[in-house]
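What follows is calculated from the coordinates using simple rules that are stated; it is not laboratory data. Remember, predicted model here, so these are calculated numbers, not experimental data. As a convention, Cβ positions derive from the backbone with ideal geometry for all residues, glycine included, and neighbour counts pool all protein chains shown.
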Amino acid sequence: MAEKARGGSGKKISRERIDILFHHAREWAHDDMELARRCILLARRIAMKHRIRIPRRYRRQFCRSCHVYLIPGHTSRVRIQHGKVIVTCLECRSIRRYPVVKQNIR
Ligand SMILES: [Zn+2]
């Protein structure tokens, strides 16, 4: 692998690319799951190469094991148990748990 890019100027472009890739993944997730998966894989590869983190809002939208785009009721099952959100990937059956973020509702 040849590494041409040097310096930190590529990070901003990379973040934009990740944004675009997740946007496409979301659009394709219903029609072409494989295409959506490839978008996510590519986004992750860009993030790894430039050592940037996938934004938090995207991190819960794909399966970390098989990179499928998670759509509740379609590719994932979402349950709330003991104050935790439990997301099961229906593709590879991997389970992830997140704490429920409580908002002040009055
Ligand atoms: Zn999965």
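For (1) in contact (Cβ under 8 Å) with a residue 12 or more places away in the chain; (2) closer than 13 Å to I18 by Cα, each residue gets a yes or a no:
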| site | (1), (2) |
| --- | --- |
| A47 | yes, yes |
| R51 | no, yes |
| P55 | yes, yes |
| Y58 | yes, yes |
| S65 | yes, no |
| V68 | yes, no |
| S76 | yes, no |
| R79 | no, no |
| C89 | yes, no |
Review point. Of all strands (runs of 3 or more DSSP E) completely enclosed by the stretch 18-106, which ones contain at least 1 residues that are aromatic (F, W, Y)?
Key: 95-99
Point to revise | Residue that is surrounded by the most Cβ atoms within 10 Å (Cβ to Cβ) [pool: residues in the stretch 29-40 that are more than 12 Å from the chain's Cα centre (by Cα) and free of Cβ contacts under 8 Å to residues at least 12 places away in the same chain] | key: L35
Check your understanding: What residue, among those in the stretch 53-77 that are more than 17 Å from H24 (Cα to Cα) and in contact with a Ser or Thr (Cβ under 8 Å, 6 or more places away or on another chain), is farthest from the ligand (Cβ to nearest atom)?
Key -> R77
